[in-house]
Every structure is written in structure tokens, then in C-alpha cells.
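Take a look at the structure below.
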Amino acid sequence: MGASLTGMDTPLTTTFPTTAFLGLGAMGFPMAGHLAARSRETGGRTLVWNRTPARAAAHAAEFGSVAATLEEAAGADLIVSCLPTSAEVDGVLDAVRGHLKPGSVWVDCTSGHPDAAPEQRARLLEAGVRFLDAPVSGGTVAAKAGTLTVMVGGPAQEIEAVRPHLAFAGKLVRVGDTGAGFAVKAVNNALLAVNLWAAGEGLAILGLRGVELGAALDVINASSGRSNTTENLIPQRVLTRQFPATFGLGLLAKDAGIALDLAEQARGSAPVIAQVTALYRAASRVIGAQEDHTAALKLIEQWNGVELK
Ligand code: NDP
């Protein structure tokens, strides 16, 4: 490898014997497990790094991955990251300067900001590393099952090079150039936020009327008002009063805010997404950013003096 080669001049690696996963949170932990399982089958190895190292040690014990320092992980052929926001990814990019391997590919599965993606790609290209924005959908259930939907922005040739190696993916779609993956993810989650909030308001109205909510959902889910929130999230998490914290309320508020940013940058008109962003920011503050996203409906409950159960 010529040391002077940088950017797109550096040949793209097509085999990825060493993979690395950065960020073993609710999503990253099981996602990295699928990379480790694939490495075992192919004779490669998967390095895992987490800010809190105990999590990486636990991953190594459970999945046979190798707990690594950030510098060691940065030298892998394929790096996958899954952190809260693009700001944390930028922090990690600062820390790995000088430790990256030219020709490698960095796949960022964070639900990041489309504005960050071109800058992150440009920074990595200076070291001869390709960057793909590749957020995921399907939650912790699909992460464990290895059936996540992955929406990727970047050059098709690079996406095809990594496609067989992203063992946590059930469906992987190139949605456009750098940043398009982050944009699609933000809009998808803004739709989740709208559907969840609207269903919460609708059920609060019915609760105030004394209608039994299980029966109401039974009808709605056989009718035109249904969505994933009425079919799954609300019956499983809200009506049971369990609110299991698998996807943070603060993260959903962040995603809606990114969708709103995109609308404003394009001077578009998206009043529902603007409203819902404000509502989830308020819910995140009042109910708690670390609570499950479905706990946003507790704000509707407070305002209406009714419990959705
Ligand atoms: P978690 O809060 O469970 O995990 C966050 C991870 O980021 C942890 O590994 C944490 O490390 C690490 N981290 C936090 N701050 C820093 C930092 N400053 N530097 C380095 N590492 C840091 O988040 P999720 O796994 O739920 O979400 C990750 C991403 O995936 C988000 O962008 C989210 O929007 C998205 N997403 C989440 C889904 C879900 O259902 N949970 C579904 C689809 C997408 P530590 O252990 O040290 O705290």
C-alpha cells in the first residue's frame, strides 16, 4: 500500500478479515453479536469497543468477540459504529486519528444527522477510509434476530462490498448518496412519533368517554386507523403499563428534530412534524429522556387525567 495514497485513490478493501464494532448499547450489543458469529464461521475476528469497557468484556464472554481498545478497533478492515448521535461519532473520529487502516470501510449505524455525513466521509477519506451512513430500523427485537432493515447512503460499489458482511441485516437498501440513509431514518422515526402521539390522543379521548381501550384497539387494528403503534407498541408497552426501555424517548425526540431540520433547511412546510418534535422534546424533559419512547404518552395521560390501560 503506497503510504502517499489517500482518499478515493486508495484501493477499496474487498475482504474484511477483521471487523470492529464501536458502541455496545441496546442496539450495538446484539448487532455486534451477529458480526462475531459470522467471524467464527469465516475464520475472521470481531473486535468490540465500548466507552464503558465492562460492556465489551461481557460481549466477549457471551459472543466470543475480542474486547479491544479504541485504537486497536480503529485498525480493522470493517468498522461499524452505533452511538447515540453524530456528535458522539465525531468524538470517536477525533480519538482514532492516526490509527485507521487505508482501504477500510466505516459503516455508521447511528441514527445520525445528514449534515454530519459528508464531513465525516471527507475526514475519513483523508485517511483512505470510506464512510457509509447506514442507520437501522426494527428495534432491539430485530437486532437480536439479525433482521434489521438498513438504509444506506453512499457509493453503490462500496455498499455492495460490505453488504455480505453486515450480518445483522435482514433487508439492506441503498437510498441515495452520502447522508440519504440518515435522512430516511429521521423521517421514518418522525412518522413513528406522529403515529404514536396521535394514537395516544385518540385513546385518551376514548378513555375519557369510558370506552374499554382493549376493545377499541381490537376494532382500530381491523380498521383504517391502525399502525404499528396501535398493533404492537401500545398494547404491549402502554396498556400493560410496562414501558420496557428499549428505545429512549430522548433518542426519538432527537430523530424528529433531525426531520424538522431537514424540512427547515429545504424551506419546506411540515407543521405536524414541527409540533410533534416540540411535544417529544417536552415529554423527554418531563417524563425522562432515558424512559422508553412509548412513555411519551404519559404526558397525554397527565394532561387528560386518564390512564391508558
Ligand atoms: P444506548 O443508549 O442503548 O447505547 C448508546 C451507546 O453509545 C452505548 O454503547 C454508550 O456507551 C455509547 N456512548 C454514549 N455516549 C458516548 C460517547 N460520548 N462516546 C462513546 N460512546 C458513547 O442507545 P441505542 O443502542 O438504543 O441507540 C444507538 C443508536 O441507534 C441511536 O442513534 C438510536 O437512535 C439508534 N436506534 C435505536 C433503536 C432502539 O430500538 N434502541 C432502534 C433503531 C435505531 P456506554 O455503555 O459507555 O454508555
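The values are calculated or read from the model by the stated rules, or taken from the named source; none is laboratory data. On a predicted model such as this, the values are computed, not experimentally measured, just so you know. FYI the Cβ positions are ideal-geometry reconstructions off the backbone, even for glycines, and counts take in every protein chain you see. The accessibility values were calculated without ligands, DNA or RNA, using every heavy atom of the protein model including side chains. Shrake-Rupley method; radii C 1.70, N 1.55, O 1.52, S 1.80 Å.
Worth a mention:
- Of the helices (runs of 4 or more DSSP H) lying entirely inside region 1-87, those containing at least 2 residues that are closer than 24 Å to residue 117 by Cβ are 28-42, 70-74.
- If you go through region 247-260 and keep only what is within 12 Å of the ligand (Cβ to nearest atom) and in a helix (DSSP H, G or I), you end up with 249, 250, 251, 252, 253, 254, 255, 256, 257, 258.
- Total residues in region 230-277, condition touching a strand residue (DSSP E or B) at 6+ places or on another chain (Cβ under 7 Å) and among the hydroxyl-bearing types (Ser, Thr, Tyr): 1
- The residues of region 112-128 that are assigned to a helix (DSSP H, G or I) and within 16 Å of the ligand (Cβ to nearest atom), listed by number, are 116, 117, 120.
- Exactly one residue out of 26, 3, 73 is over 21 Å from residue 137 (Cβ atoms) and at pLDDT 95 or above: that is 73.
- Cβ-Cβ under 8 Å pairs, at least 6 apart or on other chains, region 55-67 side assigned by TED's automatic domain parsing to the domain that holds residue 35, far side assigned to a helix (DSSP H, G or I) and open to solvent by 60 Å² or more (accessible area, probe 1.4 Å): 64/40; 67/53
- Residues being of a type in the set (Lys, Arg) and either within 16 Å of the ligand (Cβ to nearest atom) or touching an Asp or Glu at 6+ places or on another chain (Cβ under 8 Å) (or both) are represented in region 278-286 by at least one member.
- Filtered residue count, region 220-260, keeping only those that are farther than 28 Å from residue 24 by Cα and acidic (Asp, Glu): 1
- The number of residues in region 196-239 that are open to solvent by 50 Å² or more (accessible area, probe 1.4 Å), within 22 Å of residue 284 (Cβ to Cβ) and away from the ligand (no atom under 16 Å from the Cβ) comes to 2.
- Odd one out for residue 162, checked against (1) open to solvent by 20 Å² or more (accessible area, probe 1.4 Å); (2) in contact (Cβ under 8 Å) with a residue 40 or more places away in the chain: (1)
- Every residue from region 258-293 that is open to solvent by 60 Å² or more (accessible area, probe 1.4 Å) and polar (S, T, N, Q): 265, 269, 275, 290
- Annotation note: Cβ proximity below 6 Å between a residue of region 103-119 that is β-branched (Val, Ile, Thr) and a residue that is part of a loop (DSSP other than H, G, I, E, B) and crowded, with 24+ Cβ neighbours inside 10 Å (sequence gap 6+ or interchain) occurs for 107/134; 110/82.
- Inter-residue pairs, beta-carbon under 8 Å, first assigned by TED's automatic domain parsing to the domain that holds residue 51 and at pLDDT 95 or above and in region 86-97, second within 10 Å of the ligand (Cβ to nearest atom) and of a type in the set (Ser, Thr, Tyr), 6+ apart: 86/110; 88/110; 89/81; 89/110; 92/81
- Counting the residues of region 72-87 that are within 14 Å of the ligand (Cβ to nearest atom), open to solvent by 10 Å² or more (accessible area, probe 1.4 Å) and over 19 Å from residue 185 (Cβ atoms) gives 0.
- Meets criteria (outside any loop (DSSP other than H, G, I, E, B), open to solvent by less than 20 Å² (accessible area, probe 1.4 Å), under 26 Å from residue 206 (Cβ atoms) and among the hydrophobic types (A, V, I, L, M, F, W, C)) for residue 296: yes
- Criterion (more than 14 Å from the ligand (Cβ to nearest atom), among the charged types (D, E, K, R) and surrounded by fewer than 19 Cβ atoms within 10 Å (Cβ to Cβ)) met by exactly one of 51, 40: 40
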